[in-house]
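Quick notes on the structure that follows.
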Amino acid sequence: MPFNREALREPTTSMLAKFFRQYLYVQLSPQRLTVRDPAKREEISEIPEIAIRSEPGRNASVVAFGAAARSTAAEPNTQVHNPFAHPRSLISDFTLAQSLLKAFVGRVRGNAGLRPNPVVVMHPLGEHAGGLTQVELRAMRELALGAGASGVHLWQGPVLTDEQVMQGQFPGTGRVLK
């Protein structure tokens, strides 16, 4: 039987890609935003707030994220927003939600250097009356991509373990949303 070099090349490429691939697990709710790197077992988990300062004659600017945002609320011309707090929708302000998620991802990833963009598992927590709409699902995908994801999985079900996230194994007690 002849030697097949191509058969050897494919597993090496897959193993190499898996070695460099990074996964992030994002759990979001109006009360908490958690971004976890399951390989490093590091996470940031804080209230999903963002502080914006709007001074007359200047463009609005972000001054703080997460827990630090609340401490800036008393400063002049500063407002604190929670882009995930809305009674009918998972996301109330897409632009602020994207800035907040991008900041949290940056804090978890640190200096990403030459690492490729991560695959993100987005997990909206809580009960959603009537289920999530197609618009909400698309918004979550766009949030992750805007925060630097190379791929996105939307998960609805129990909290995943680090191993489940890294292996892309989603238990039958939940579902991957399309």
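The values are calculated or read from the model by the stated rules, or taken from the named source; none is laboratory data. Keep in mind it's a predicted model, so treat the numbers as computed, not measured. We place every Cβ from the backbone using ideal geometry, glycine too, and count neighbours over all the protein chains shown.
Selection over region 69-111 of residues that are aliphatic (A, V, I, L, M) and loosely packed, with under 14 Cβ neighbours inside 10 Å gives a count of 2. Screening Thr133 with (1) surrounded by fewer than 16 Cβ atoms within 10 Å (Cβ to Cβ); (2) touching an Asp or Glu at 6+ places or on another chain (Cβ under 9 Å); (3) among the β-branched types (Val, Ile, Thr) gives one miss only, at (2).
For region 90-122, a residue qualifies if it is polar (S, T, N, Q) and under 21 Å from Ala51 (Cα atoms), and the qualifying residues are Ser92, Thr95, Gln98, Ser99.
Enumerate the strands (runs of 3 or more DSSP E) found wholly within region 80-178, keeping only those where 1 or more residues are at pLDDT 90 or above and within 18 Å of Glu46 (Cα to Cα).
119-124
Based on what the data block shows, is Thr34 of a type in the set (Val, Ile, Thr), closer than 26 Å to Ala149 by Cβ and at pLDDT below 90? No; evaluated as a whole, the condition is false for this residue. Scanning region 64-91 for residues that are under 16 Å from the mean Cα position of the chain (by Cα) and either outside the structural domain of Ser54 (by TED's automatic domain parsing) or at negative phi (or both) gives Phe65, Asn82, Pro83, Phe84, Leu90, Ile91.
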